[in-house]
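The values are calculated or read from the model by the stated rules, or taken from the named source; none is laboratory data. Every value quoted in this text rests on a predicted model; they were computed, and no experiment measured them. Cβ placement follows ideal geometry from the backbone for every residue including glycine, while neighbour counts extend to all protein chains displayed. When the accessible area is computed, the model is the full protein with side chains, heavy atoms only, and any ligands, DNA or RNA have been set aside. Shrake-Rupley method; radii C 1.70, N 1.55, O 1.52, S 1.80 Å.
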Amino acid sequence: MRRRSLLIAVPAGLVTLAACGDEDSGSSSAGDSATPEASATSAAPSPKVVDGPLPAITAGTKFDEKPTVAKGSGEPSKDLAVKTVIAGSGRTVAENDFVSANYLGQVWASAKVFDNSYDRGTPLVIQLAQGSIIDGWRYALAGKKTGSRVQFSVPPTWGYGEQGNEQAGIKGDDTLVFVVDVRDTFNAKSSAQGKKVPQDDAALPKVGTGTDGKAPSIEVPKADAPKKLVAEYVLEGDGAEVGAEDSVLVQYKGVTWDGGKEFDSTYGRKQLTSFSLQQVVKGWAQGLTGKKVGSRVLIVIPPDLGYGDNPPQGSGIEKDSTLVFSVDILAKM
């Protein structure tokens, strides 16, 4: 499995998606590589933000191109130095957003690169939330626009603290330098933006196609539920296909086939959800595998691929229920 580089917090309350009975989900840990995941003691006061000094970017100067960054000259700032190298014109990033970005991180004094996403070939999706990412990222990227390249230096206070990060070769007194290309940002009002696909099968539920961030309607027909898994595009995006071992960032709404009663929704919680396809019920994993990022997908899950006779306690799902979901695939993680 491709390693995940940043710690991304999965919101609590996802009782209706977690697979039953699997103690070993096979998912990878954010600790697999040395990156800007938050330390357990992250509780620093807000930093003063200054505009330098910052080392030169000597190659790879275009947006989304792997940069080469010079070694820091002299003493780094004790404050958070932030510079917008390329100003984007997209949506504004806010704290607690999930941000899709390519980045490179290195040590100020040695120019040692300890991590970068460019070589992995996949942008990372990170949440700018306290406890999920080092504080330097939160303060440096909040307020920036998508399409921007941001360079910043992070003193230990807003990085890994006095303990450093032994795995990365980061000492407790090291200042870190990052170059981040902000590709996209997502929040509780985000929707899939794909192309509408005709919903012509009268035997299947009809899902709303609005893209305003509000929960789509799900109209369940008065007919027998299908016996096999259904996974159909409602809005077809043009992003990368989701693999069976991928993690995804989604909006979703779930209702029961019988009665159309809603039992779970990210829209109601006003909080996006991320998870590995290896950690959810089989119907979700099979239904989303092969679908493209940026899509809205109708998934109808028969009991044998859902919860069967053992639904989660307190979920409101009856035994042997067929479940109907609208899922917006916002990003791969």
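Worth pointing out:
- Size descriptors for region 142-250, from the alpha-carbon set: Rg then Dmax equal 22.2, 66 Å.
- For the chain: rounded, prolate or oblate by the Cα gyration tensor [a/c cutoff 1.5]: prolate
- Backbone N within region 129-162 under 14 Å of label point (7 Å from ASP64 Cα along the Cβ vector): 146-149
- Relative contact order %, region 179-251, counting alpha carbon pairs below 8 Å whose residues are six or more apart: 36 percent
- Per residue of the chain, the DSSP helices (runs of n ≥ 4 H) give a summed -39500 (n - 2.57) that works out to -1000 deg cm²/dmol at 222 nm.
- Rounded to whole Hz, the Karplus (6.51, -1.76, 1.60) HN-Hα couplings of region 115-127, x for glycine and proline: 6, 7, 8, 4, 5, 6, x, 9, x, 9, 10, 10, 9
- Rel. contact order, % - alpha carbon contacts under 8 angstrom, at least six apart, the chain: 18 percent
- Coil-residue trypsin sites (Lys or Arg not before Pro) of region 268-333, DSSP, other Cβ within 10 Å capped at 16: LYS270, LYS319
- Here the calculated FRET efficiency for ASN310 and GLU95, from their Cβ-Cβ distance with R0 = 41 Å, stands at 0.60, rounded to the nearest 0.05.
- Of the accessible area of the chain, computed with a 1.4 Å probe over protein heavy atoms only, carbon and sulfur atoms account for 46 percent.
- What separates the Cα centres of region 152-230 and region 292-333 is a distance of 17 Å.
- Probe 1.4 Å, protein heavy atoms only - accessible area per residue of region 117-242 in square angstrom: 46 Å²
- Separation of the ALA142 and LYS171 label points, Cα + 7 Å toward Cβ, nm: 3.2 nm
- Residue order by solvent-accessible surface for GLU241, GLU65, GLU75 is GLU75, GLU241, GLU65, largest first, with ligands and nucleic acids left out and a 1.4 Å probe.
- Residue separation of ALA203 and VAL113 scaled by 0.36 nm, minus their Cα-Cα distance, works out to 26.9 nm of gained length.
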